[in-house]
Each structure stands twice: as C-alpha cells, then as structure tokens.
Amino acid sequence: MQNPGGFVISLDFELHWGIRDHSTVEQYRENLLGVRQAVPAILELFERYGLHATWATVGFLFFENRDDLKAALPKELPLYRETSLDPYAALSELGKNEDEDPFHFAPSLIRKILGYEGQEIGTHTLSHFYALAPGPTLESFRADLRCAKSIAGQYGIVLKSIVFPRNQISRQHIGICAEEGLIAYRGTEADSWIEKRKGLLGRAMRLANSYLSLNNDGCVTPCLDEEYRIVRVSQSRFLRPWSAVLRHFEEMRLRRICASMDAAARSNRTFHLWWHPHNFGVHLEENIAALTRIAEKYANMRREMGWPSLTMAEVAENVLRGEKTTCTA
C-alpha cells in the first residue's frame with residue numbers, strides 16, 4: 001500500500017501568545033520582531049523549492065485590532081487554575097492593532113502566507129489553548145475552536161488541520177476536532193520515549209537527539225483514526241534554530257535530518273519537520289542557510305524518487321481517499 005505522505009513541514013505560528021507564560025515581550029523581543037523578516041524569507045525559499053507547508057496559526061493573530069478581538073471571544077472561556085496560562089486576563093495589555101502591537105497581531109503576515117502556492121493555514125487553536133492543563137472544560141475547547149474557525153473564515157480559509165499547543169492531546173479533544181470538521185492533527189514525535197522524558201534530563205536528551213541518533217530515524221506513516229475519522233500526521237523532528245554555542249556541531253544536525261529524509265523517501269514513508277517562525281527571528285541568515293540545505297536534499301529526493309512535499313491537509317485527504325493506514329495506538 002502506498003504511503004499517503006511524503007515530506008511534511010508544519011510551523012507553529014503563535015508570536016507571543018505561545019510563550020507568554022514563561023517569557024515577557026521584552027525578554028523575547030528580538031525573536032518576535034524578527035518574525036516579520038523570517039516569514040517572507042521562509043516563504044520565498046518554499047516557493048523556490050516547491051515546498052508545501054502547514055502554518056498552524058493562533059486565531060488571535062488574525063484580528064485586525066484589539067476591539068475586534070474582544071468582540072469575538074468564545075461564549076465559554078477556559079478557566080485555568082494556573083493563572084499564567086490565561087491569555088484572556090492579558091487582553092487589556094494589548095496594543096490597539098498590528099502597527100502598535102506586532103507581538104500579538106499578524107493579519108498582514110497571514111495574508112502574505114495566503115499569497116503563496118502550496119501553503120495551508122491550519123489552527124493552533126484560537127488562544128493557544130492548553131488542552132491538558134487543569135481547569136478548562138471540553139466545551140471551552142469546542143468554543144475556542146469554533147471561534148478560530150469563524151475568524152479564519154473571514155479570510156476565506158476553511159480550517160482542516162490542527163497542531164495542539166505544547167502537544168497537549170487527548171482522545172476527547174481529538175474527537176471534538178473531528179466533530180468540528182478538522183481532518184488532520186499533528187501527533188507526537190516518532191522518538192516518543194525521548195519526548196516523554198521530563199525535566200533537565202529530558203531537555204538534554206531532546207537536544208542531543210537533534211545531533212546524534214539516539215533512537216529511530218524519525219520516519220512515520222500517517223494513519224486514520226477510524227473512531228473519529230481524522231488523520232494523525234505525526235511529527236518526526238523539531239528543527240532547532242542555529243546556535244552560536246553549537247555551531248561546530250551544525251553539520252551533524254543537518255546530516256541527521258537529511259539522513260532521516262533519505263530513509264523516509266527510500267522506504268516510502270513520511271518525514272515531518274516542524275518549528276516556530278520565531279525560532280528564525282534571530283540569526284536569520286544562518287537559519288535560512290540550514291533550511292536551504294534541507295530543501296536541496298528534498299529536491300534531490302523528489303527528482304530521484306518522486307517523493308512529494310505535502311501539507312498536513314493534503315496528507316489527510318490522501319488517507320481519506322482510500323490509500324489509508326489505520327492507527328493502531
């Protein structure tokens with residue numbers, strides 16, 4: 001049976017909404033402002049190499065201004081026990097619009113993404129919703145998704161794919177996504193035993209795994225959840241940003257990614273790379289150079305074996321058309 005996937009890229013487009021519980025705007029200002037240069041540079045590279053990608057976008061970024069955002073809030077808000085996770089408590093601190101507050105609004109960047117062929121706008125929920133955090137109900141998650149669908153619809157977008165913030169996923173939340181019309185979600189990494197490690201040891205192992213082969217090759221097979229009729233497109237590897245501290249190991253990092261891409265293409269499987277646009281907000285030249293190396297590897301695999309580049313929704317549509325593999329776990 002043919003693998004319905006190929007080379008999949010997804011980006012978690014969140015700006016400050018995704019990091020506000022642990023970093024202030026001032027602490028991360030350079031990265032966040034750098035997104036304004038990073039997104040066009042990434043899009044131009046994608047266009048040059050024919051790369052499709054899913055931009056999983058926090059719904060708040062779609063709004064033109066603070067007043068429109070406040071007027072469109074869900075009927076049921078998530079009531080987080082940990083107050084630092086609650087974005088609604090901070091709405092009064094927002095600037096008026098994108099010009100005044102480029103850290104929390106991004107309609108111009110969303111329109112730019114829509115102007116490029118092969119780019120899918122997916123959802124990262126309306127509010128960067130923490131599905132497994134204590135407090136929020138399932139109905140508040142549904143309300144969040146419905147508002148995300150509504151604001152996306154104002155741009156002519158029908159949301160098909162979701163990336164759960166912080167990879168907080170449950171069966172109940174997957175079911176709600178399917179009921180609300182989504183057909184794809186990003187599952188956790190193929191190197192899942194490393195992902196499950198917590199604390200400093202877990203962080204160290206995930207970092208090391210970007211450079212060394214600590215576990216498997218990261219190749220995955222998209223599969224259909226037959227209960228909910230939604231497709232899991234598991235992630236393979238996080239594209240870590242260029243680091244001056246680790247620059248001497250850069251070749252190892254890129255060789256590891258390219259070797260996994262080669263393994264996926266030759267075994268008719270999928271390799272799913274992901275990152276955040278703000279990861280490219282500093283050291284843009286070095287990060288684009290690394291991404292170019294990856295794109296050139298993809299171009300070779302496409303020429304040699306016809307290995308396609310697909311959005312998450314395109315993968316899901318392939319699965320749902322019948323070239324399917326059923327999820328077993």
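The values are calculated or read from the model by the stated rules, or taken from the named source; none is laboratory data. Everything numeric here is computed off the predicted structure, so don't read it as measured data. Cβ: placed from backbone, ideal geometry, glycine included. Neighbour counts: every protein chain shown. These area figures cover heavy atoms from the full protein model, side chains too; ligands, DNA and RNA do not enter into them. Shrake-Rupley method; radii C 1.70, N 1.55, O 1.52, S 1.80 Å.
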Which residues qualify? For residue 230, with a placed amide H closer than 5 Å and at least 5 residues away or on another chain, they are 225
Toy charge model, Lys and Arg Cβ at +1, Asp and Glu Cβ at -1: segment 264-304 dipole around Cα centroid in debye, rounded to 20, equals 320 debye
What does the charge dipole of the chain about its Cα centre add up to, to the nearest 20 debye, if the Cβ of each Lys and Arg holds +1 and the Cβ of each Asp and Glu holds -1? 880 debye
Please report the spacing between the Cα centers of segment 92-149 and segment 274-329 in Å, no decimals. 22 Å
Name the residue from 22, 109, 78 whose Cα lies farthest towards the positive end of the charge dipole of the chain, charges +1 on Cβ of Lys and Arg and -1 on Cβ of Asp and Glu. 22
Where is the GNM fluctuation largest for the chain (alpha-carbon springs, 10 angstrom cutoff): 170, 234, 260? 170
Convex hull volume of the Cα atoms in segment 1-114, per residue, in Å³? 155 Å³
Where only protein heavy atoms count, and the probe is 1.4 Å, what is the accessible area per residue for the chain in Å²? 43 Å²
Heavy atoms of residue 171: accessible area, 1.4 Å probe, square angstrom to 10: 100 Å²
GNM on the chain, Cα springs under 10 Å; top mean-square fluctuation among 249, 63, 105 goes to 249
With n ≥ 4 as the cut-off for DSSP H runs, can you work out [θ] at 222 nm for the chain, using -39500 (n - 2.57) per run divided by the number of residues, rounded to the nearest 500? -11500 deg cm²/dmol
Given a 1.4 Å probe and heavy atoms of the protein chains only, how would you sort 292, 123, largest accessible area at the top? 292, 123
Please give the charge dipole size of segment 117-189, origin at the Cα centre, charges +1 on K and R Cβ atoms and -1 on D and E Cβ atoms. Round to the nearest 20 debye. 120 debye
Candidates 117, 26, 98, ranked by Gaussian network fluctuation over the chain, Cα under 10 Å, top entry: 26
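Would you mind classifying segment 224-329 by shape? Square roots of the alpha carbon gyration tensor eigenvalues, ordered a ≥ b ≥ c; an a/c under 1.5 is rounded, otherwise it is prolate if a/b is larger than b/c and oblate if not.
Since a/c reaches 1.5 and a/b is larger than b/c, the shape of segment 224-329 is classed as prolate.
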Output ³J(HN,Hα) for segment 308-314: one whole-Hz value per residue in order, computed from phi by the Karplus curve 6.51 cos²θ - 1.76 cosθ + 1.60 with θ = phi - 60°, and x for Gly and Pro. x, 9, 9, 6, 4, 5, 5
With 0.36 nm assigned to each residue of separation and the Cα-Cα distance removed, residue 92 to residue 158 gains 20.8 nm
